[in-house]
Each structure stands twice: as C-alpha cells, then as structure tokens.
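The values are calculated or read from the model by the stated rules, or taken from the named source; none is laboratory data. As the structure is a computational prediction, the values presented were derived from the model and not from experiment. Positions of Cβ are backbone-derived with ideal geometry, glycine not excepted, and every protein chain shown enters the neighbour counts. Surface accessibility is based on the protein's heavy atoms, side chains included, excluding ligands, DNA and RNA. Shrake-Rupley method; radii C 1.70, N 1.55, O 1.52, S 1.80 Å.
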Amino acid sequence: MKKTLLSLLFSLSAFAGEINIAVAANVSYAIDELKAVFAKQHPDTKVRVTLGSSGKLTAQIKNGAPFGLFMAANMKFPASLYADGIATTKPLVYAQGALAYLSAKPMDFSKGIALVADKSVSKIAIANPKTAPYGTAAVEAMQKGGVYDAVKSKFVFAESISQTVTYALTAADVGFIAKSSLYSPKMAQYKENVNWTSVNPALYTPIKQGIVLLKHAGESAEYKAFYDFMLSDEAKTILRNYGYIVE
C-alpha cells in the first residue's frame, strides 16, 4: 500500500511538470547552477533534488522512493541498481571527483598524507566509508599512505561528504572532503595551501561518478531531458568550474 501511494504521488508530480532526482551530497555545491541552466532550456520543468550519501540514497531507491534519476558519487551504487532492474540505463560517468584536505586553521600541507598522523591533529573528519564513496577514497588514501592504523582512532564520521565539510571546520582539526566544495562562494575565506590542498590522486582510486535513469521515470521526456543535459557540454563546463574532471 505504501509503495502504491508513493508511485501515485510520483505520477501526479511528474504529470505536473516536476521531476524528482536523487543527488550525491558532493554535488550540492554545483546543483543550483546546474538547475538554473537547465531551467532556461526547460522552463516548464521543476527539478526537485534530494541530497544525501550515495549508499543511503541507493537504499531509499531500492525501498521504493519516487526518484526517476540518480546522480551518484561512484559507479558501484548505480551499477547495483542496474543489476537489480531498478535503473533502466547503464551507469555513465558524468564527472570525476577529487579529494582534498580542509582545516579551519593553517596547516603544513607540505607533509602530505603524513600530516594527519601529526601530534597536532587529534580529530580527522571523514564521510562514512560504508555509505559515502568519498569516505571510501579517504580510507584508501590513508592506507596507501601508510598512516591508517596510526590515525583510525582519530576519525569523526559524517553521514555525507557535505556534512564532512562542516565537521572539518568545527569538530575536527582536519577533514577529507570533496574538492568541489571548495569552489562554493561560502568557502572563499579558506585559502589553498593554507587551509586546504588536494590529496595526492595516486593514493586513491579515481572517483568516477555515475548517472542512471530509474524505473520511476517511465517514459518521461522531462527526466530524459535532464539526463541528457547532465551529459552535455553545458553541464560539463559547470562541473569543471567546480573542480571536477570531465571528458
């Protein structure tokens, strides 16, 4: 009964020119600009966005949440939806993300990954690696950098990569964040090589972010339009401006 009601509500909203999309938290900094450019091309379509960790959004989708499109932070979660027949398109890469260190106070980033093992660092913010791909990448970077065992007791876990930014600036000495967050106007006060720097990309597997259409989209031309837009040159330009790597 609950799933039937969700489907009915979704159908009504889709008919009204509204689409519901699930978006990985790291894209929260770029999504408003993406929506604004899409709206110029499709003024009659309202885009409703739900942000969260890719793992939690995947669980919601598998439990019948009425999303017609999913922009994940990796390829694994959308691939699992495709394997289950919930996604109707094979996952395609719409952007490649990058990790960065962030601290509210000046740090000696010349130390590289060894910085987090420093005695001056007592708490390290990372996204929950069970549900957030950027958290998984952070763990991998520390393992490859040979510091994981020495620092794992310092971890402060956030539920998403966007929450990790808050924790890095308030509840921890340093945090592993999505580099895209640093391109938000709100982050302008934090300076490169003073408050933040990129994590050596050789330390973690490239963060390829995948997009899929979901069964709830049905034959909706509006969902297909947003899907095509996210793979367009216009969207790629915006994503590149937020620090993503796009082909």
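Within the set of pairs 6+ apart or on separate chains, which have a first residue in segment 118-135 that is closer than 30 Å to Met75 by Cβ, a second that is surrounded by fewer than 20 Cβ atoms within 10 Å (Cβ to Cβ) and at pLDDT below 95, and C-beta atoms under 7 Å apart?
Asn128/Glu159
Determine which single condition Ala14 fails, assuming it passes every other condition in (1) at pLDDT 95 or above; (2) in a helix (DSSP H, G or I).
Checking Ala14 against (1) at pLDDT 95 or above; (2) in a helix (DSSP H, G or I), the one that fails is (1).
Take the residues in segment 175-195 that are out of contact with any helix residue (DSSP H, G or I) (no Cβ under 6 Å at 6 or more places or on another chain) and hydrophobic (A, V, I, L, M, F, W, C), then tell me which one is nearest to Ser103 (Cα to Cα).
Within segment 175-195, the match that is nearest to Ser103 (Cα to Cα) is Val194.
Would you be able to tell me the number of residues in segment 103-152 that are hydroxyl-bearing (Ser, Thr, Tyr) and in a loop (DSSP other than H, G, I, E, B)? Give the steps one after another, and end with the answer.
Applying the first criterion (hydroxyl-bearing (Ser, Thr, Tyr)) to segment 103-152 yields 103, 110, 120, 122, 131, 134, 136, 148.
Retained after the next criterion (residues that are in a loop (DSSP other than H, G, I, E, B)): 103, 120, 122, 131.
So the answer is 4.
Only one residue in Ser180, Ser220, Ser232 is among the hydroxyl-bearing types (Ser, Thr, Tyr) and within 15 Å of Gly135 (Cα to Cα), so which one is that? So that I can check it myself, show each step before the final result.
Values: Ser220 fails: within 15 Å of Gly135 (Cα to Cα); Ser232 fails: within 15 Å of Gly135 (Cα to Cα).
Within the list Ser180, Ser220, Ser232, the selection yields Ser180.
Take the residues in segment 208-220 that are open to solvent by 10 Å² or more (accessible area, probe 1.4 Å) and over 12 Å from Leu69 (Cα atoms); name whichever of them is farthest from the chain's Cα centre (by Cα).
Only one residue tops the list, namely Glu219.
Looking only at segment 48-85, filter to residues that are open to solvent by less than 10 Å² (accessible area, probe 1.4 Å) and free of Cβ contacts under 8 Å to residues at least 60 places away in the same chain; which one of those is farthest from the chain's Cα centre (by Cα)?
Checked segment 48-85; the qualifying residue farthest from the chain's Cα centre (by Cα) is Thr58.
Got a number for residues in segment 153-187 being outside any helix (DSSP H, G or I), open to solvent by less than 60 Å² (accessible area, probe 1.4 Å) and either more than 18 Å from Val121 (Cβ to Cβ) or touching a residue at least 40 places away in the same chain (Cβ under 8 Å) (or both)? I'd like the intermediate steps shown before the answer.
Quick first cut of segment 153-187, residues outside any helix (DSSP H, G or I) only: 155-160, 171-178, 184.
Adding the requirement that they be open to solvent by less than 60 Å² (accessible area, probe 1.4 Å) leaves 155-156, 158, 160, 171-178, 184.
Subset that is either more than 18 Å from Val121 (Cβ to Cβ) or touching a residue at least 40 places away in the same chain (Cβ under 8 Å) (or both): 160, 171-178, 184.
Residues flagged as outside any helix (DSSP H, G or I), open to solvent by less than 60 Å² (accessible area, probe 1.4 Å) and either more than 18 Å from Val121 (Cβ to Cβ) or touching a residue at least 40 places away in the same chain (Cβ under 8 Å) (or both) within segment 153-187 amount to 10.
Go through segment 86-102 and give me each residue that's assigned to a strand (DSSP E or B), of a type in the set (A, V, I, L, M, F, W, C) and open to solvent by 30 Å² or more (accessible area, probe 1.4 Å). Reasoning before the result, please.
Of the residues in segment 86-102, the ones assigned to a strand (DSSP E or B) are 87, 92-97, 99-102.
Applying the additional criterion that residues be of a type in the set (A, V, I, L, M, F, W, C) yields 87, 92-93, 95, 99-100, 102.
If the condition is that a residue be assigned to a strand (DSSP E or B), of a type in the set (A, V, I, L, M, F, W, C) and open to solvent by 30 Å² or more (accessible area, probe 1.4 Å), then Leu92, Val93 are the ones that fit.
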